[in-house]
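Read through the structure below, which is laid out as structure tokens, and then see the notes.
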Amino acid sequence: MSVSREDVERAGTVLAGRVNRTPTLRSPDLGVYLKAELFQKTGSFKARGAFNRLTALTPEEQKRGVITWSAGNHAHAVAWAAAEVGVDCLVQMWEGVSPLKVEATRGYGATVDLSPPDPAAAYDRVLEIVEEQGRVFVHPHSDPYVVAGHGTLALE
């Protein structure tokens, strides 16, 4: 998987007006700049990648719906993005996930499955569902559209 600057710039165009432009703050004590993505939709930078991926779905993929595997920020982001573009979303979590994370994900409109006992089993279940139902897997970090969307942080 290779993501070019052009991919990130294209994602920036897709995201313009759809995600928040967040401030960059300087920390003199740390000697770094910090991107305040806590002000982003769903509270993290993950909304950037999720929305970029969901808007790239073909009409046929939109009909099949999406699935993701996450117990937190990526789950929220995909659920939010799916609701924004009108696509059915299933989030695969696992036993013991924070009830607050589950409810937030459901609050964004996703169906949540908590039946697997652990993250590895949940990932395996995602792959089974993709095979059985044809849903599009929105991978948390190994999808070029997701990575390009996240890269828009650097453009700001």
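Every number in this text was worked out from the coordinates using simple rules, so none of it is lab data. Being a predicted model, the structure only gives us computed values, none of them experimental. Using ideal geometry, Cβ is built from the backbone for each residue, glycine included, and neighbour counts are taken over all protein chains shown.
Brief remarks follow.
- Search result, residues across the stretch 97-109 that are of a type in the set (D, E, K, R) and surrounded by 12 or more Cβ atoms within 10 Å (Cβ to Cβ): Lys101, Arg106
- Residues that are among the small types (Gly, Ala, Ser) and in a helix (DSSP H, G or I), drawn from the stretch 108-147: Ala120, Ala121, Ala122
- Scanning the stretch 1-60 for residues that are buried (at least 17 other Cβ atoms within 10 Å of the Cβ), in a helix (DSSP H, G or I) and of a type in the set (Phe, Trp, Tyr) gives a single hit, Phe51.
- Pair list, Cβ < 6 Å and 6+ apart or interchain, from the stretch 117-132 residues that are in contact (Cβ under 8 Å) with a residue 60 or more places away in the chain to residues that are of a type in the set (Phe, Trp, Tyr): Val130/Phe137
- Only one entry in Trp94, Trp80, Trp69 is more than 17 Å from Val146 (Cα to Cα) and either touching a residue at least 12 places away in the same chain (Cβ under 8 Å) or surrounded by 12 or more Cβ atoms within 10 Å (Cβ to Cβ) (or both), namely Trp94.
- Screening Ala83, Ala79 for residues that are touching a strand residue (DSSP E or B) at 6+ places or on another chain (Cβ under 7 Å), part of a helix (DSSP H, G or I), under 27 Å from Gly134 (Cα atoms) and aliphatic (A, V, I, L, M) leaves exactly one candidate, Ala79.
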